[in-house]
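Below is one structure, written out as structure tokens; comments come after it.
Coordinate-derived values only; no laboratory data. Keep in mind that what you see is a predicted model, and the values were worked out from it rather than measured. All Cβ positions, even for glycine, are placed from backbone atoms using ideal geometry, and neighbour counts span all protein chains on display.
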Amino acid sequence: MEVTTIDTILDKEKLKDLYYHLVLTRTLDEETRKLFKQARFAGTYFSAVGQEATTVVPSFLLDNDDVVAPSHRELGANIGKGVPPKVIMAQIYARKTSPDKGKSHPCHYGYAPLNVITPASTVAGQIVLGTGAALGFRLLNKKNVVISFFGDGATSRGCFHEALNFAGVHKLPIVFICQNNLWAESVPLKLQTALTDLSDRAKAYGFPGVSIDGNDVMEVLKTSKEALDKARNGGGPTFIECKTYRWYGHSEIDPADYRPPEEVEYWKSRDPIPRFEQLLIEQKIITEEEKKAAYSKAKQDVDEAVAYAENSPFPQAEEALEDLYYEGE
Amino acid sequence: MHKVTYIEAITEALREEMERDDKLFMMGEDIGLYGGVFKATKGLQKQFGEMRVLDTPLSESLIAGASIGATLVGLKAVPEIQFADFITPAMDQIIQQAAKLRYRSGGSYRVPVVFRVCCGGGIGGGLYHSQSNEAWFVDQPGLKVVAPATPYDAKGLLKAAIRDNNPIIYFEHKKLYRSLKQDIPDDDYIVPIGKADRKLEGETLSIITYGLPVNYALEAAKELAKENIKVEVIDLRTLLPIDKDMILESVKKTGRALIVHEANKTGGVGGEIAAIIAEEAFDYLDAPVTRVAGPDVPAMPFSPPMEEFFMVSPKKIADAARKLAAY
């Protein structure tokens, strides 16, 4: 993609802020992998390293009242939306201070104050909820939008079809962002679909589908901004396939040895963050010093978040019996 | 007071609640222009518009999941599942999303969705238009499940469900739609969720049931009264949360429990009721807890003699009651 001046889509301050959110996402993710290896929290951890551009960038463009319907592994969508790192870390640590009060498995991040719907592990189910939220905005005559995030694996499920079909019928204010990382846990794309470009699926639903380099921050930015503006202005949904890659296994207990090493190396060489950094430096939006400062601030923010989580209490055992029903009027 | 059928009671509840709350909407297959295959939503699209009474594609997962999603931005929903038999594609959304969203978010979200589900047989519906699958949902904490047996309860329970702010499965029995008429109040009323109703007082034995068979139990009770078997009929009305207090109070008084439901016996709600009685009223029992239920076959067969064989009836209830009374 040709970019001459990149601050035509976002101004320089916003671009710097976006850059920081990308660095924060990467830093938190890599640090949390280390914490998992030290057995500092229970369960497992679902890293999204390598896929940051596909989630951080679109979420960063949303207003507070806009809805994100994420899958698990959507760290970037949360950080892009503005969810504080300490909230995320408390979720991973299953502490009482987590928005879910310790009920959900690590990486099932949700945050009602910013309209991030806490996900289930049932892949693609959340696409239907997001479509419903978009229907809600239509019924309420609100100019808000929804982003539904999911992976390539989700596009094989029936509820994916039911949701996108309906979103097309009513031209709902929703953008479907598929992170095609080529693997549904251990199953390669060629065993999931006969398609090469998953965006071809959109044709069946009567709205545009595009396939883009999900590791190119500027391409994700431009494409998602156009799609969000269109959805907000009554133009209906867009399906964006971001071709990307998760560097590590499905979770930290998965060595991902089903993938050829040269494939992993190829994608690591296409790391979205240095590509964006280089552009920002070339265009004099950040300096080398500001780049270093971003990483040290991110490390500091993550360290504070970890301290917050580790100093937070666990829920009481009997709290397992709470939060079943809403009791009020 | 005015006289209504069971289905008219449902339509009245929907209309009044839609008028009362402009955040309430409904979606489902054929509910709009057509007014629903049984006409439960007749006239509502004309009154409230195409978006608030929304005709959907053949997509039960969407009907359930989009209803849930819409509530997350401030709406309330009362989707229709045209036949209980067709609810299976929606199970993922009902069980994994509706029932668990509040819990998994630590109470961050509430899910005010009432799934109206048309259930039950005895009308020549065959395998796929006759099922009673309420036990699938009673097994799932996070949901509430109601099953009215009369026009009065149909209206009052539907209103209470719509105002409840939690995901509720509302089972309406299609054989009751036009077979019952009852006087109901002109003024607004609700029937509280979680409260059973003692439809008939008696001392000999307790019949504990819900939905269509409540009416069969009352018929059977008339016959049995002639034989001096005084039956108490408990209409559960809500299956989750179940009114344990009334079940136990009744069984402690009579010492005999007959549980009746149309769904097949194994894994049915009756087993749970029997367990409650065994756990908490064992010392009061004078006879084994007994169940009258559908046979354990995959679904209600179509041909009339087999359908009749499947259905519970006043006679089957009376026969079981006689045996229990004589024990």
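Here are the numbers for the structure shown:
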{"item": "Within chain A: Cβ-based charge dipole about Cα centre, in debye rounded to nearest 20 (Lys, Arg +1; Asp, Glu -1)", "result": "360"}
{"item": "Acute angle (nearest 10 degrees) that the helix B:151-162 long axis makes with the longest principal axis of chain B, alpha-carbon atoms", "result": "50"}
{"item": "Neighbouring partner chain Cβ atoms per residue of B:55-65, average, 10 Å criterion", "result": "6"}
{"item": "Helical contribution to [θ] at 222 nm, DSSP H n ≥ 4, -39,500 (n - 2.57), averaged over the protein assembly as shown, rounded to 500", "result": "-11500 deg cm²/dmol"}
{"item": "Global form of region B:197-326, assessed from the alpha-carbon gyration tensor, a/c cut-off 1.5", "result": "oblate"}
{"item": "Amide H within-cut-off set for residue B:54, under 5 Å, with H built and near neighbours excluded", "result": "B:26, B:27, B:28"}
{"item": "Positive-pole candidate from B:68, B:119, B:109, dipole of region B:51-122, charges at beta carbon", "result": "B:109"}
{"item": "Rounded Å value of the spacing that divides the Cα centres of region B:213-253 and region B:19-84", "result": "35"}
{"item": "Tensor-based shape of the protein assembly as shown (alpha-carbon gyration tensor, a/c under 1.5 rounded, otherwise prolate or oblate)", "result": "prolate"}
{"item": "Alpha-carbon radius of gyration plus Dmax, which is the widest Cα pair, for chain B in Å", "result": "19.4, 59"}
{"item": "Dipole magnitude (debye, nearest 20) for the protein assembly as shown, charges at Cβ of Lys, Arg, Asp, Glu", "result": "600"}
{"item": "Estimated D of region A:67-165 in µm² per second, where Rh is the Kirkwood radius over Cα pairs and Stokes-Einstein applies at 10 °C, 1.306 mPa s", "result": "115"}
{"item": "Two-site FRET efficiency, residue A:5 against residue A:292, from Cβ-Cβ distance with R₀ of 22 Å, rounded to 0.05", "result": "0.35"}
{"item": "Size of electric dipole in region B:48-118: Cβ of Lys, Arg +1 and of Asp, Glu -1, about Cα centre, debye, nearest 20", "result": "480"}
{"item": "Test item: A:153-163 mean partner chain Cβ contacts at 10 Å", "result": "4"}
{"item": "Choice from B:215, B:264, B:165 with maximal GNM fluctuation in chain B (Cα, 10 Å cutoff)", "result": "B:165"}
{"item": "Cα-based helix-to-principal-axis angle, B:212-226 vs chain B, degrees rounded to 10", "result": "20"}
{"item": "Per-pair calculated FRET efficiency, R0 = 30 Å: residue B:23 and residue B:278 via Cβ, rounded to 0.05", "result": "0.10"}
{"item": "Shape of chain A, Cα gyration tensor, a/c cut at 1.5", "result": "rounded"}
{"item": "Reach of residue B:23 by Cα under 20 Å, taken over aspartates and glutamates that are not fewer than 8 positions away in the same chain", "result": "A:65, A:66, A:327, A:329, B:12, B:50, B:55, B:80, B:164, B:188"}
